[in-house]
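Visitor: Encoded as structure tokens, here's the structure I'll be asking about.
The values are calculated or read from the model by the stated rules, or taken from the named source; none is laboratory data. The structure presented is a predicted model; accordingly, all values stated were derived computationally and were not measured. Note: ideal-geometry Cβ built from the backbone for every residue, glycine included; neighbour counts use all protein chains shown. To get the accessible areas, we keep the full protein, side chains included, count just its heavy atoms, and leave off ligands, DNA and RNA. Shrake-Rupley method; radii C 1.70, N 1.55, O 1.52, S 1.80 Å.
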Amino acid sequence: MSDHNKHNEEQHGKKPGTKREMSRRQFLSYTLGGAGGFMAAGMMIPMLRFAVDPVLKPKAASDWIKVVEESKITNVPQSFTFQVHQVDGWYESDAELVAWISKDSSGKLFALNPTCKHLGCTVNWNDNPAYKDQYFCPCHGAHYTQDGKNLAVAPKPLDEYTLKVENGFVYVGQLHANTRV
């Protein structure tokens, strides 16, 4: 009889294809982890939306800004300041910008941005006697032609403003790469 009992115990002990069950501890861990993740996502989504919202808004077209009377523009570049309203994320400000405006040999008006393309210093017209009739950067010696073409140090020409003349006034628009050189 003992052989028979052993045989039955061995059969019952070995179950072919045993099914693994989830313990109470695993069930609780999965449930609490899922609920916690769901609540964390519920708190994070509004915060992410708040941070990313300014990026998702469509960019408005650049406004034209009245700078100077057309009659005041000469063949020699002159510096003119103007204010532009900026919206940077949630921060709004009125920045004061500068443009060097002049006429080319054919009488066409153009405006250049005075930011040096080397390291961002401000260039001035005819400021250095060694570089007569050129834009010169005092920081590292970059200099440019009247059209903004880079001659030394700077890797690119000065940027150019879009320009229009309307009712006797010069308006500047969007800043873009120099098309004159």
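Visitor: If you go through the stretch 99-115, how many residues are surrounded by 14 or more Cβ atoms within 10 Å (Cβ to Cβ) and either modelled with pLDDT under 90 or assigned to a strand (DSSP E or B) (or both)?
Guide: Adding up the residues that qualify gives 10.
Visitor: Can you say whether Ala95 is exposed (fewer than 13 other Cβ atoms within 10 Å of the Cβ) and touching a strand residue (DSSP E or B) at 6+ places or on another chain (Cβ under 6 Å), as far as the supplied structure shows?
Guide: Yes, satisfied.
Visitor: For Thr81, which of the numbered conditions (1) out of contact with any Asp or Glu (no Cβ under 7 Å at 6 or more places or on another chain); (2) at pLDDT 85 or above; (3) open to solvent by 40 Å² or more (accessible area, probe 1.4 Å) fails to hold?
Guide: Condition (1) is where Thr81 drops out.
Visitor: Another question about this same structure. Which of the residues spanning the stretch 148-170 are out of contact with any His (no Cβ under 7 Å at 6 or more places or on another chain), within 21 Å of Val76 (Cβ to Cβ) and either assigned to a strand (DSSP E or B) or open to solvent by 60 Å² or more (accessible area, probe 1.4 Å) (or both)?
Guide: Passing the criteria: Lys149, Asn150, Tyr161, Leu163, Val165, Phe169, Val170.
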